[in-house]
Amino acid sequence: MQTLTTSYPNNYSEKIDLVSFYEIVDHQEPLILNLLRILHKNLLDYPIQMKQDLQNHDFLALAELAHKFKSSTAYVGLSQFNHVLNLIEYALPNRAEPAQIAEWTNFIVKACPIIAGQIEQKIREMST
């Protein structure tokens, strides 16, 4: 069972790290650019759905979306972000309280625009 009482700071400060990402795709910049664009879209779209799932108390849908989201952010060096997504994904089997799930979800929702900005900057750098 995972620790369910972990709190996270309000100011998200983790930075993307694409070293592993480059290695996985053998430094193929066009592929990296396409994958970053998909990730950027997910960072804009998924938080909206996560807020809806939370508001509807649809914790199963929230867990499924966290799993999907985690796979799209797994290789950009966001360990804290992915850890919280993991907590959301396994919240039901670990019997997390709705308030705790809401705290984790709100952390992710607040972090997404920060990460999206970093991804957007990287896309601009690669596109020039």
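Every read-out reported here was derived from the displayed coordinates using simple, explicitly stated rules and does not represent laboratory data. Treat the numbers as computed from the prediction; the structure is a model and nothing was measured. Positions of Cβ are backbone-derived with ideal geometry, glycine not excepted, and every protein chain shown enters the neighbour counts.
So the label point goes 7 Å from the Cα of R37 along Cα→C-beta, right? Which residues of segment 111-128 then have their backbone N under 18 Å from it?
What the label zone holds, given the 18 Å backbone N cut-off, is 116-128.
For a protection proxy built on the mean count of beta-carbon atoms within 10 angstrom, sort 23-30, 67-74, 103-110, 90-97 highest first, please.
Details: 23-30: 11.2, 67-74: 17.0, 103-110: 20.1, 90-97: 14.5.
Going by the mean number of other Cβ atoms within 10 Å, highest first, we get 103-110, 67-74, 90-97, 23-30.
Quote the FRET efficiency, to the nearest 0.05, computed for K68 versus E125 with a Förster distance R0 of 30 Å and r equal to the Cβ-Cβ distance.
0.65
Taking the Cβ of E89 as the centre, find all other residues whose Cβ is under 13 Å away and add up their charges (Lys, Arg: +1; Asp, Glu: -1). Before the final figure, lay out the partial values.
Values: positive: K68, K70; negative: D53, E64.
Every neighbour counted, the sum reads 0.
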